[in-house]
Amino acid sequence: MKTNNSIAAHSCSGKKAKTTLKYFGWILLSAVIVALPVKAWSQASPLYQKCLLCHGRPGFKKLMPDGKVLELFVNKSELEHSIHAKLHCTDCHADVMEIPHLKVPGKVNCYRCHYKDNPNGAKPANEFFQSVHGKLVTENDPKAPHCQDCHGGHNVQKVDSPLSTVNHQNVAYTCGKCHKPQYDNYIQSIHGTALLDRHIKSAPTCTTCHGKHLILKPDNPASSIYPLNVINVCSKCHENKELIRKYNIPGGRISTYKESYHGIADEFGSVRVANCSSCHRAHLILPESDPRSSINKANLAKTCGKCHQNANVNFTKGKIHINYKSKSNGILYYIGMFFEILTLSTLTLLFIHILLDLFRRYKSGEIRGKNKRGE
Amino acid sequence: MNHSVERLSKNQRIQHIILLVSMIMLSITGLALKFHNNSFSVWLIKLEGGIWVRGLIHRIFAIVLILLSLYHLLWVTFTDEGHKELMAITPRLKDISDFFKKLLYNLGLSNRQPQFAKYDYLQKLQYWGVVIGTIIMVITGLILWFVNQSMAILPKWIIDVTMLIHGWDGVMIFIVLFLFHLYNVHLNPEVFPMSKTWIDGKISTDRLKLEHRLEYDKLLSDKEDENK
């Protein structure tokens with residue numbers, strides 16, 4: 001009996017559990033059915049679905065009262081692949097409150113998130129306001145570049161992404177949107193062709209020399225391209241033994257410059273004296289062999305003539321970067337050697353002479369005080 | 001005897017002072033530039049007011065030296081005193097034998113000192129070293145000073161050679177004047193710390209007899225002639 005009872009009790013509780021499971025299953029199923037599209041929707045396009053009803057239409061634009069046409073199309077796939085894919089439109093366009101917009105939404109302010117000390121980055125924001133670009137922004141110059149003008153708006157990417165507008169490979173093009181003449185020169189230069197045509201990653205681009213956020217005018221002593229600082233910028237690569245070997249760059253350019261009068265005057269703070277870019281140019285840097293190069297023999301007189309009045313063909317007769325310790329400089333090496341030997345031997349003979357003189361004076365007792373002036 | 005005689009006239013002493021001031025200034029401003037890779041030179045050039053003022057000072061004293069050299073040239077050519085001094089300091093064969101005699105004496109191989117006239121072989125060496133050195137310095141210095149004009153007629157490598165010679169010749173003059181001359185005339189134990197001759201122009205007859213025996217004998221015989 002006892003066992004029967006227990007069996008009955010068991011079968012009773014088993015029936016109850018089955019019902020609960022059935023309900024639970026239904027609830028779970030319906031939850032999944034409801035949740036799936038929600039999840040899919042949020043993944044594919046976050047809360048910018050509504051905005052894209054208008055802004056997602058290619059060719060969406062508006063004619064402004066002043067006659068300008070505002071392109072208002074937003075490329076959805078660009079947005080979805082940007083680093084900000086998970087943000088809402090209004091996270092950046094914070095002044096958009098209603099649809100249709102009552103007034104033209106303002107420029108996006110990146111510092112809402114990228115403020116100083118934000119762990120998500122934006123330390124550079126501080127530097128940016130010290131820069132020539134940042135100062136123009138503070139002065140409300142309409143042409144001043146804001147963050148998004150370089151980093152991209154809806155297509156903003158991490159800097160190491162090949163899609164980023166400020167990627168090492170792409171940044172020159174980005175700068176060139178405003179700095180056209182410099183860009184045109186750069187892409188023809190040995191640096192530009194190395195990076196853009198031959199895809200040598202170590203080749204410099206705009207930011208390598210000018211800096212990134214803290215770009216300053218060349219006449220600012222803190223600028224990386226201030227006349228006295230140019231040599232430091234160039235030596236980053238041209239004194240780098242590894243790069244010199246790998247790409248067969250002529251070595252000893254910096255050390256020979258430092259030994260020249262130009263280099264010494266530069267070291268002691270003369271901003272008038274020639275630095276690297278005075279002769280090699282800043283953007284259109286080309287090897288000597290190139291007829292367009294400022295240091296090609298045919299153009300050297302003109303290049304030197306920027307400072308040396310009436311410079312003529314004599315400036316081409318001789319080396320510019322002279323290593324006095326190298327035999328390749330012929331007569332200079334031997335004259336230097338002659339004088340070094342002459343100086344050392346003169347010094348040696350003089351010291352011997354002085355020592356001998358002292359020795360004899362000591363011997364004859366002159367120094368010791370006795371027999372002074374005696375023979 | 002505590003008598004002394006005039007060794008350098010007032011004219012010579014003034015020339016000497018102008019020379020030493022310009023040489024010191026040219027050395028300080030020039031050598032710091034040649035050996036610029038050390039903190040002392042950096043300090044020195046900053047003290048001189050930077051690279052541009054350094055050049056200005058160097059050129060000012062270069063003009064002083066050039067004017068002095070021109071004056072000296074006229075002095076030795078056209079004045080009796082200058083001409084006599086030039087003759088006295090002209091190198092002669094005796095200077096070579098004097099050098100060997102002195103060498104033997106200093107080595108202790110001989111007990112007899114050579115006897116010198118007014119200027120001994122070292123003093124002649126120093127004088128002519130400075131004369132030749134200065135001529136080279138003035139020529140190369142002017143080429144470098146007016147580099148734009150010189151490069152109108154000279155190729156760049158000649159300018160480089162000029163610069164090299166100017167620097168090294170400066171070193172040589174510095175050695176001759178500041179190591180050799182200073183020891184020989186001023187710092188040696190005989191007169192340490194300094195011979196006063198360059199200030200008062202006088203030398204004691206004792207020292208004259210010891211160091212310039214022939215000159216001493218000559219002055220003595222001149223005096224005897226006068227007394228006769």
- prompt: Among helices (runs of 4 or more DSSP H) lying entirely in region A:160-237, which contain 2 or more residues that are crowded, with 18+ Cβ neighbours inside 10 Å and more than 13 Å from the chain's Cα centre (by Cα)?
  reply: A:180-188
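Being among the polar types (S, T, N, Q), out of contact with any His (no Cβ under 9 Å at 6 or more places or on another chain) and not in a loop (DSSP other than H, G, I, E, B) is the filter here; which residues of region B:28-68 pass it? Step through it out loud before you land on a result.
Taking region B:28-68 first, the residues among the polar types (S, T, N, Q) are B:29, B:37-39, B:41.
After this cut, where a residue has to be out of contact with any His (no Cβ under 9 Å at 6 or more places or on another chain) as well, the list is B:37-39, B:41.
Those that are among the polar types (S, T, N, Q), out of contact with any His (no Cβ under 9 Å at 6 or more places or on another chain) and not in a loop (DSSP other than H, G, I, E, B): B:39, B:41.
I'd like the residue in region A:241-289 that is in a helix (DSSP H, G or I) and of a type in the set (Asp, Glu) and, out of all such residues, is most open to solvent (accessible area, probe 1.4 Å). Walk me through how you get there before you give the answer.
As a first pass, look at region A:241-289 and keep what is in a helix (DSSP H, G or I): A:241-247, A:253-259, A:261-267, A:276-280.
Those left that are additionally of a type in the set (Asp, Glu): A:242, A:259, A:266-267.
Details: A:242: 129, A:259: 81, A:266: 11, A:267: 88 Å².
Ranking the candidates gives A:242 first.
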query: In region A:35-60, which residues are at pLDDT below 75, open to solvent by less than 100 Å² (accessible area, probe 1.4 Å) and in a helix (DSSP H, G or I)?
result: A:35, A:37, A:38, A:40, A:42, A:44, A:49
- prompt: Is it the case that residue A:335 is aliphatic (A, V, I, L, M), at the interface with chain B (Cβ under 7 Å from one of its Cβ atoms), surrounded by fewer than 18 Cβ atoms within 10 Å (Cβ to Cβ) and part of a helix (DSSP H, G or I)?
  reply: yes
field: Residue that is assigned to a helix (DSSP H, G or I) and buried (at least 17 other Cβ atoms within 10 Å of the Cβ), where the choices are B:157, B:198
entry: B:157
Pair list, Cβ under 8 Å, 6 or more apart: region B:198-213 residue away from chain A (no Cβ under 13 Å), other residue assigned to a loop (DSSP other than H, G, I, E, B) and surrounded by fewer than 16 Cβ atoms within 10 Å (Cβ to Cβ): B:201/B:9; B:202/B:196
- request: Determine if region B:135-147 includes at least one residue that is within 14 Å of chain A (Cβ to nearest Cβ) and either over 30 Å from residue A:310 (Cα atoms) or open to solvent by 70 Å² or more (accessible area, probe 1.4 Å) (or both).
  value: yes
- line: Of (1) within 9 Å of chain B (Cβ to nearest Cβ); (2) modelled with pLDDT under 90; (3) more than 33 Å from the chain's Cα centre (by Cα); (4) open to solvent by 30 Å² or more (accessible area, probe 1.4 Å), residue A:371 fails just (1)
Odd one out for residue B:178, checked against (1) at the interface with chain A (Cβ under 7 Å from one of its Cβ atoms); (2) within 22 Å of the chain's Cα centre (by Cα): (1)
query: Looking at (1) buried (at least 16 other Cβ atoms within 10 Å of the Cβ); (2) within 14 Å of chain A (Cβ to nearest Cβ), which is the only condition residue B:52 fails?
result: (1)
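The values are calculated or read from the model by the stated rules, or taken from the named source; none is laboratory data. All figures in this text were calculated on a predicted structure; none of them were measured in a lab. Positions of Cβ are backbone-derived with ideal geometry, glycine not excepted, and every protein chain shown enters the neighbour counts. Side chains included, ligands, DNA and RNA excluded: accessible areas come from the protein's heavy atoms. Shrake-Rupley method; radii C 1.70, N 1.55, O 1.52, S 1.80 Å.
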